[in-house]
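Worksheet: the structure to be examined is printed underneath.
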Amino acid sequence: MRRKLFFVTSNPHKVEEVKQFFPEIQQLNIELKEIRSDSFEEIAKAKLQEALEKIDEKNAIILVEDAGLEIEALNGFPGTYSAWVYKKIGCEGILKLMKDEKNRKAKFVAVVSAYIPDNEIIITTKGETEGYITEEKRGNKGFGYDPIFVPYNYPVTFAEDPVLKNKLSHRLKAWTKMKKKLTNIL
Ligand code: IMP
């Protein structure tokens with residue numbers, strides 16, 4: 001792909017992960033507002049709209065991502081509120097909410113939205129990775145809820161094994177689908 005591909009985000013961890021399987025991506029470090037909605041897709045589209053208003057790159061492909069953690073026993077909480085909840089109560093707060101809870105199923109979700117200026121369309125892709133919430137924090141790599149998330153069929157948290165994370169993460173799945181779609185249309 002010879003077009004410029006700009007991932008608009010202020011989160012360096014996301015960029016570092018995405019670049020490992022999508023090296024053409026360049027970061028545009030702009031903090032985007034997050035509307036309140038239960039839909040990752042709706043939030044991603046609103047972020048994309050704001051990014052397009054702020055960026056004057058007529059020929060480039062502008063991409064944004066919205067992601068979060070859904071915990072089954074908490075009816076999907078923190079979900080689309082993951083960033084805000086993380087700032088308020090962090091992993092410790094989630095572990096407290098999950099104290100004595102037997103059902104520890106959870107999944108990470110990532111939605112990526114891209115604007116294609118040629119025909120003015122928006123493409124959206126989604127990735128999900130299922131697993132469990134641990135009893136305590138483990139590992140110090142990664143970011144956000146990585147220390148309390150163990151993917152299905154593996155013994156380690158995402159914060160203990162970033163190489164494993166990048167082989168099966170929600171982010172890898174959403175961005176790989178996006179890369180494929182872009183390759184097909186550009
Ligand atoms: P947003 O996509 O910028 O709204 O961020 C969502 C929030 O979900 C982040 O601030 C993290 O707390 C959490 N999150 C999203 N993706 C991940 C991940 O890959 N690992 C750990 N936490 C994540």
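Annotations
- Entries of Lys107/Lys165; Lys45/Lys165; Lys45/Lys141; Lys33/Lys165 with Cα pairs more than 20 Å apart: Lys45/Lys165; Lys45/Lys141; Lys33/Lys165
- Summary of packing: across the peptides 117-127, 40-50, the per-residue average of other C-beta atoms within 10 Å ranks them, highest first, as 40-50, 117-127.
- Degrees separating the helix 82-97 axis from the principal Cα axis of the chain, which is the longest one: 20
- Relative to the longest principal axis of the Cα atoms of the chain, helix 12-21 runs at roughly 70 degrees.
- Annotation for region 66-107 versus region 15-34: alpha-carbon center distance of 24 Å.
- Mean Cα-pair separation over length for the chain, i.e. relative contact order, pairs under 8 Å, 6 or more apart, %: 19
- Gain on full extension, evaluated as 0.36 nm per residue between Ile116 and Lys96 minus their Cα-Cα distance, stands at 2.9 nm.
- Highest to lowest packing among 170-179, 7-16, 139-148, scored as the average C-beta count within 10 Å: 170-179, 139-148, 7-16
- 0 to 90° range, to nearest 10: angle between helix 170-185 axis and the chain longest Cα axis: 20
- The chain shape via C-alpha gyration tensor axes, a/c threshold 1.5: prolate
- Sites Lys141 and Asn103 - FRET efficiency at Förster radius 25 Å, r taken between beta-carbons, to 0.05: 0.40
- Stretchable slack from Ser39 to Thr176, in nm (0.36 nm times residue separation minus alpha-carbon distance): 47.2 nm
- Average accessible area per residue (Å²) across the chain - probe 1.4 Å, nucleic acids and ligands excluded: 53
- FRET efficiency, 1/(1 + (r/R0)^6) with R0 22 Å, evaluated for Asp56 and Ile185 via beta carbons: 0.45
- Accessible surface of region 5-182, 1.4 Å probe, proportion on carbon and sulfur as whole %: 50
The values are calculated or read from the model by the stated rules, or taken from the named source; none is laboratory data. Keep in mind that what you see is a predicted model, and the values were worked out from it rather than measured. No Cβ is skipped: glycine too gets one built from the backbone with ideal geometry, and neighbour counts run over all protein chains shown. Keep in mind that these areas ignore ligands, DNA and RNA; they rest on the heavy atoms of the full protein, side chains included. Shrake-Rupley method; radii C 1.70, N 1.55, O 1.52, S 1.80 Å.
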